[in-house]
There are 2 protein chains.
Amino acid sequence: MTRTLSEENYLKAIFHLSRNSKEKVSITTLAASLENTAASVISMLRKLTAKELVDYDKKKGASLTRAGEKAAIDIVRKHRLWEVLLAEKLEFSWEEIHDIAEQLEHVHHPELADRLDKFLGFPQFDPHGHPIPDIKGNISQVSGKLLSDSTIGIELEVVGVKDSSSMFLNYLKQLDIKIGSKLMVEQIIDFDQSAVIKINKGSSISVSRKFLESILIN
Amino acid sequence: MTRTLSEENYLKAIFHLSRNSKEKVSITTLAASLENTAASVISMLRKLTAKELVDYDKKKGASLTRAGEKAAIDIVRKHRLWEVLLAEKLEFSWEEIHDIAEQLEHVHHPELADRLDKFLGFPQFDPHGHPIPDIKGNISQVSGKLLSDSTIGIELEVVGVKDSSSMFLNYLKQLDIKIGSKLMVEQIIDFDQSAVIKINKGSSISVSRKFLESILIN
DNA sequence: ATTAAAAATTAGACAAGACTAATTTTTATT
DNA sequence: AATAAAAATTAGTCTTGTCTAATTTTTAAT
């Protein structure tokens, strides 16, 4: 019944990947996401299938069973609650919290998440703008709109990021972009889909397509 | 440089065992404490010796090097700080916190302990009365006096426990003994060294020698 | 339809950290 | 000093979760 660290990381990866694309997840995708080989992924999927946490169909790929999804949501809930504690109580910055929460999310105790939740005042979102699953496992649907979808010339508010890596967050910090910042796409360069954006009604800078696809707006 | 979970648990065990007896620790003692076999202990001590965290002498047993002790103190510091957070902020009870902290103590981040320490107001002791090593690794010497050393008929205050197992702590809870409680040894039974003690100037009960040796008094 | 590329799978190896079952060394006791 | 008991050590096995190197299957493109 108890899950290993590896098992939990696979469940989480499948959860996030199938959430993005709403599809079953391929071996190759999982392997890339976990930085493991395809061979390793296959053997772990066998294990998780035997534990009835994952459904695996050679053709369509992997998805979580009800039980697997429950386990994954539990991990995500802990991750995001710990991020709130790290940021709000321990004064860690945006780009530091993810890696610490990555460790904390694997601490097991039946009541831990709920106690944390209460202590933190039942926060709805983590510091990166991601919704925190509630005690029942319900996840409030957050804007799926990306900066890359926005209309040119309209000012928008940053509500979250799709990429929590410290690499990306450090870049945002350098640009002085945080949740609540105002952005406007001024121009899209046809050649490579990069863009010129204006930050907080101030300076304009050029950013890549990848950048546009990593910012959630309202 | 990074330590595995197992390595950390060995360092911690050697630290606690050599602290109690002030001596080098034997394979057998370590094996019992970690609930591993002697064979496993030997192979891990080899590994830790190679990493220069442990000195091992076939005759005298194992002890920590300077670096090993530093690592162990760091783990103990984290363990006790997390216990304070769990008890004071998350409202976990005496007997629940140890097992959770046992997991939390292995979360790695260079600043985590210090941020926790600050957030908690630089506590001196954990909820079991054990001293929390400070940022430099200094550990304030706490009363080493055990209830088993006390004079008959003198009332004493409980300042801590030597055993943090939930088994023992549940027993104490049932007896309504906590830090600050007043105890008096009324009688020692020669036959088996058990004793009759009075709790909080109220009822008297009979307890074992092992019990007497698990309570720290001032 | 054929074929090249991509994806999935199998087979076998390896490191970590545990184990059991001898065997050897040390310590204690008569 | 002889010997029994305890402790330490060695040798070899097992499980978990990785890996590499084929090999097979699927997909896509001509």
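Per-structure values
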quantity: At R0 = 30 Å, FRET efficiency that the Cβ-Cβ distance of B:K145 and A:F119 yields, to 0.05; calculated: 0.25
quantity: Of B:S33, B:S164, B:S21, the one that fluctuates the most in a GNM where chain B has Cα springs shorter than 10 Å; calculated: B:S21
quantity: Rg/Rh for chain A, where both radii come from Cα atoms and Rh is the Kirkwood radius; calculated: 1.00
quantity: Burial ordering of A:S181, B:S93, fewest other beta-carbon atoms within 10 Å first; calculated: B:S93, A:S181
quantity: Estimated FRET transfer efficiency (A:S26, B:E35; beta-carbon r; R0 41 Å; 0.05); calculated: 0.45
quantity: Whole-angstrom gap from the stretch B:1-22 to the stretch B:70-95, using each part's C-alpha centre; calculated: 17 Å
quantity: Lys/Arg +1, Asp/Glu -1 at C-beta; chain A dipole; positive extreme among A:S203, A:A50, A:I179; calculated: A:A50
quantity: Share of Cα-Cα pairs in the protein assembly as shown lying beyond 35 Å, as whole percent; calculated: 45 percent
quantity: Label-to-label distance, nm, for residues given as A:I179 and A:I42 (7 Å Cα→Cβ offset); calculated: 4.2 nm
quantity: Centroid-to-centroid separation of the stretch A:34-57 and the stretch B:148-206 [C-alpha atoms, Å]; calculated: 53 Å
quantity: Dimensionless Rg over Rh [the stretch A:65-131; C-alpha; Kirkwood]; calculated: 0.96
quantity: Residues with amide H under 5 Å from that of A:G160, placed H, sequence gap 5 or more; calculated: A:L216
quantity: Charged-residue dipole, Cβ positions (Lys, Arg, Asp, Glu), the protein assembly as shown about Cα centre, Debye nearest 20; calculated: 700 debye
quantity: Calculated FRET efficiency for the pair A:E102/A:E52, C-beta based, R₀ 22 Å, to 0.05; calculated: 0.30
quantity: Ascending count of other beta-carbon atoms within 10 Å, so fewest first, for B:S148, B:S43; calculated: B:S43, B:S148
quantity: Listed residues B:D74, B:D149, B:D55, most fluctuating in chain B (Gaussian network, C-alpha, under 10 Å); calculated: B:D149
quantity: Å³ per residue enclosed by the Cα convex hull of the stretch B:1-128; calculated: 109 Å³
quantity: GNM result for chain B, Cα springs below 10 Å: residue of B:H109, B:H79, B:H130 fluctuating most strongly; calculated: B:H109
quantity: Selected from B:N138, B:A32, A:S140, residue furthest toward positive end of dipole (the protein assembly as shown; charges at beta carbon); calculated: B:A32
quantity: Dipole in debye (nearest 20) - the stretch A:1-154, about Cα centre, beta carbon charges: Lys, Arg +1; Asp, Glu -1; calculated: 820 debye
quantity: Shielding by partners, peptide A:26-33 (average Cβ within 10 angstrom, other chains); calculated: 0
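Taken together, the values in this text are just the output of simple stated rules run on the coordinates, not laboratory data. Keep in mind that this is a model prediction, so the values were computed, not measured. No Cβ is skipped: glycine too gets one built from the backbone with ideal geometry, and neighbour counts run over all protein chains shown.
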